[in-house]
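Bear in mind that the values in this text are calculations on the coordinates, not laboratory data. Computed from a predicted model, the values in this text were never measured in an experiment. Please note: Cβ atoms are built from the backbone with ideal geometry, for glycine as well, and neighbour counts cover all protein chains shown.
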Amino acid sequence: MRQSLVGRGVGYVDLARQARKMRSKDETVRANAQKHLSMRLGKLRGLPQKIGQILSMSRDEDLAEATQNLTDGAEPLPFREVEPILRETWELPVEDVVASIDPHGLAASLGQVHRAELPDGREVAVKVQYPGIRKAVKADLRMLGWLSSPVGDLRRGFDMNAYRSEILRDLEEELDYRVEAKHQQRFQQILAGLPEWIVPQVIDEFCGEKVLVTSWVEGEQIEDATRWPANDRFELATTLLRGFLHMLFREGLIHGDPHPGNYRFRRAAEGPQVILYDYGSVTSLSPDHRLALLKLIEITMRRKGDPFKPLAALGFDERLLLPIRDKLAAVCSVLFDPFGAPGQYDLSQWKRAERMEDILGADRWNFRMSAPAHLIFIMRAFAGLCYYLDKLGANVAWSIALQPHLDEARHLLDDFDVSAPPTQAGTFDSIARHLKICVTEKGQQKVALTFPCAAIDDIANLMGDELCARVQAQGQEIDAIVRRVRAQAYVPQDLFEFQETDSSNGVRVWLE
């Protein structure tokens, strides 16, 4: 990469300027800023392009569209600039190693991929690292201020060094394609028992620190898969979920770079398949941490026990959790809501960000800062899974997919102490279990409805326009009631009731 560090610094200044413009109320200004931001992220390559690839999975459709080209359509370097690296690695002229090679590569953040054919006829993907990218990445880490000072004085008590070390570790591995080759071969062995997952084969004899050669495997992009028939989309979504849980809980190994450039999909006779590329960013989870996470999900599903204990075992900072202990059960209920559904779960109804904001309020920083650095890429992978499931629009049964892992670890899970402390605050026993609606007519109960407590988040639709209007006429707002319930961590309480004038007809709604 023939770009001076001064040039990268100028690029970062421009990034900051465009980021500020993206907050403009002028739609045209925002659109132009997003387009320019994407272009600048792509030109800087390295860590900025990685950030752009993450943004391409944003729930902000305009931002996602503006950065989509960074997953596949970014401009590669001319072949003449990367050819010396191939010659150095192979110690031979390129034409003596491959029968042909496409000079136009596919750009990624740290390197680019060229399609080639070996003398024996095999089609391969030749991934070659950008010249000078290591120095550029080091400069990126110095220039990105959030790595050293997240939000003003919030760095006090916040182990930013741990996050910095985790990111550095990941980037160091990504910059050594020999490490990536080993990761890829390990994934191939592990996923051999899941034929719906395809891992391109590594061609060892042509690999080095800056060159990785694998078999060429093609597939469709996620946008293409969204147009598949509903049954195929459902099978694909189920495959993605089961594969993620298998890798996480059985193997403790996760692909940490789930942007759309690294996933392809195809339909085979035996069913939909996932093709997984780029194993530079791979993270692992220890058996103890896996058990703690599995226990945390289980007690959230069962609404029984103290979440503080598995959170602490997972590595969360107890000092930062203690001040918000009374909210932890409610937080976990939101985070793991898909697992709590007895059947298929509709991700569009999750409202995760909104609910977490209402529960935690200003305390959100305590929770965010308490999270251990070793989970950063696990959370990124989980967000990627949710992105693909949401794009496919296929509701899958998370609890059913998780059950084999709960069964397999049953003896260990049963020995994990999550008994509640003397006070029930912050445990699942403190959370209401049901939303109750009672309708009386002439003093007699005519309708009694019971829903899971989480139904409060959709109560406006449950009640309908007429009843909502009645509540509003009493000077109450349904949205305000829901926000109050979240802020109070879903504890049992009366929500509202009203009687018809000069009548014994009425409606009562409460949590118990």
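Placing unit charges on the Cβ atoms of the charged side chains and taking the dipole of the range 197-252 about its Cα centre, the candidate lying farthest along the positive direction among 198, 239, 225 is 239. Past 31 Å, Cα to Cα, is the threshold; run 127/391; 210/295; 327/442; 304/351; 135/295; 351/442 against it and keep the listed order. Those over the limit are 210/295; 327/442; 135/295; 351/442. Prolate is the label for the range 249-320, because the ratio a/c of its alpha-carbon gyration tensor axes (a ≥ b ≥ c) is 1.5 or higher and a/b is greater than b/c. If each of residue 487 and residue 462 carries a label point 7 Å out from its Cα toward its Cβ, how far apart are those two points in nm? Reported label-point gap for residue 487 and residue 462 is 2.1 nm.
Neighbour counting of Cβ atoms within 10 Å sorts the residues 128, 439, fewest neighbours leading, into 439, 128. A straight chain from residue 455 to residue 83 at 0.36 nm per residue would run longer than the Cα-Cα distance by 128.0 nm. Of all aspartates and glutamates in the structure, those lying under 18 Å Cα to Cα from residue 309, and not within fewer than 8 positions of it along the same chain, are 288, 298, 317, 318, 326, 414, 415, 417, 429. Only aspartates and glutamates eight or more places from residue 182 in sequence, or on another chain, were considered; those with a Cα closer than 15 Å are 170, 172, 173, 174, 204, 205, 209, 278. Look at 450, 440 and count the other Cβ atoms within 10 Å of each Cβ; fewest to most, that gives 450, 440. The range 213-260 and the range 326-340 have Cα centres spaced 26 Å apart. Each of 418, 282 was scored by other Cβ atoms within 10 Å of its Cβ. Listed from fewest to most, they are 418, 282. Take the alpha carbon gyration tensor of the range 218-357, find the square roots of its eigenvalues, order them as a ≥ b ≥ c, and report rounded if a/c is under 1.5; if not, report prolate when a/b exceeds b/c, else oblate. Verdict is prolate for the range 218-357.
What number results when the radius of gyration of the range 432-511, computed over Cα atoms, is divided by 2.2 N^0.38 Å?
The reported ratio for this selection is 1.06.
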